[in-house]
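Asks: Take a look at the following structure, please.
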Amino acid sequence: MPRDTGFPVADAENDFLRVRRRQVLSRLGAWLRREPDDVNIMVPFDEVVAALGRLGERRLGLQVIALDSIIGSVDRTRDFDRQFRPTSAQSRQRWERLALASRRGESFPPIEVYRVGDLHFVVDGHHRVSVAHALGLKTIDAMVTEIITRVSAEGIRYRGDLIVKDYRRIFLDRVPLAAPARAAITLSDPWDYAELSEAVEAWGFRLMQAEATFLDRPTVAQRWYAEEFVPVVTMVRQAGMVSTQSEAEAYLWVIGERYKLIRSHRWDDEVLTALRAQNRTSGKQP
């Protein structure tokens, strides 16, 4: 709790001036450190849901949530920064009224939030969240509605993280893997998801040609994972050509190198020998 002088009105005014000063200094510090633009801005709810793919929602009711789990807003992303500090003095009077009431021990109605994974986005109650942060509180009462998404929200910290999630969602639309297989496919470069989608679709096309039958996307995805991805990753690991990157990144690297060297889509000892030699020559590893 900030220092209490015994004069609630003056303390509330000082609370606002303090958080505004911190917001300005934080923005200046980020600029001097050449940090990305999204470090201090709220994460927009609509962009998160668009990137993850919305499947539905359910009302969870009144809950106590951690203030630190609130990272964004539905429609007020310009009025507050990432720590819910006001970005201007426009709402100063309203903010100070709430701070004064809080210092006097008055109760407030719960805020309203959307929950996506473990993250929360404010629908109503931005000023209450801002004052709670300023007064050093750790939790706040909230009416929670959970948003169910196609892709997990895990790993989202900043607005820039949504790019990877968006490409992953598109990948899963094109390659609808089941849950266990889906969890195994992780890529750090968003564009790699597009390349992997094309690789899987090409693999499925060759499979349909070989079997002279049509296969839908879920069937191609299931068979690609079981008949291509898992065996190839196993071989590559046994050949000692996987370092610290994910299995999906190793798979992308090795199929690209295979085609450049052998001009073939087959897997045998000759292919692995050529890849191992190329790996030693180039010094590159997946």
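The values are calculated or read from the model by the stated rules, or taken from the named source; none is laboratory data. Since the structure is predicted, the reported quantities are computational estimates derived from the model, not experimental observations. Positions of Cβ are backbone-derived with ideal geometry, glycine not excepted, and every protein chain shown enters the neighbour counts.
Asks: On the basis of being buried (at least 18 other Cβ atoms within 10 Å of the Cβ) and within 18 Å of Tyr158 (Cα to Cα), does Ile65 make the cut?
Replies: no
Asks: His126 is checked against (1) in contact with a helix residue (DSSP H, G or I) (Cβ under 8 Å, 6 or more places away or on another chain); (2) touching a residue at least 40 places away in the same chain (Cβ under 8 Å); (3) not hydrophobic (A, V, I, L, M, F, W, C) and fails just one. What number does that condition carry?
Replies: For His126, the failing item is (1).
Table: residues versus (1) over 22 Å from Gly56 (Cβ atoms); (2) under 14 Å from the mean Cα position of the chain (by Cα).
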| site | (1), (2) |
| --- | --- |
| Glu112 | no, no |
| Leu119 | no, yes |
| Val123 | no, no |
| Val129 | yes, no |
| Leu137 | yes, no |
| Ile140 | yes, no |
| Val144 | no, no |
| Arg150 | no, yes |
| Ala183 | no, no |
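This table checks each residue for (1) over 18 Å from Asp81 (Cα atoms); (2) of a type in the set (Asp, Glu); (3) crowded, with 17+ Cβ neighbours inside 10 Å; (4) touching a Gly at 6+ places or on another chain (Cβ under 8 Å).
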| position | (1), (2), (3), (4) |
| --- | --- |
| Val123 | no, no, yes, no |
| Thr139 | yes, no, no, no |
| Met143 | yes, no, yes, yes |
| Ile148 | yes, no, no, yes |
| Gly160 | no, no, no, no |
| Asp166 | yes, yes, yes, no |
| Val175 | yes, no, yes, no |
| Ala178 | yes, no, no, no |
| Trp191 | yes, no, no, no |
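Asks: For the stretch 49-96, which positions are over 23 Å from the mean Cα position of the chain (by Cα) and farther than 19 Å from Asp141 by Cα?
Replies: Pro86, Thr87, Ser88, Ala89, Gln90, Ser91, Arg92, Gln93, Arg94, Glu96
Asks: Quick one: Arg27 ticks every box in (1) at pLDDT below 90; (2) under 29 Å from Ile170 (Cβ atoms) except a single one, so which number is it?
Replies: Of everything listed in (1) at pLDDT below 90; (2) under 29 Å from Ile170 (Cβ atoms), Arg27 misses just condition (2).
Asks: Also, I was wondering about something else. Only one residue in Ala212, Ala184 is outside the structural domain of Met42 (by TED's automatic domain parsing) and under 19 Å from Tyr251 (Cβ atoms), so which one is that?
Replies: Values: Ala212 fails: under 19 Å from Tyr251 (Cβ atoms).
It is Ala184.
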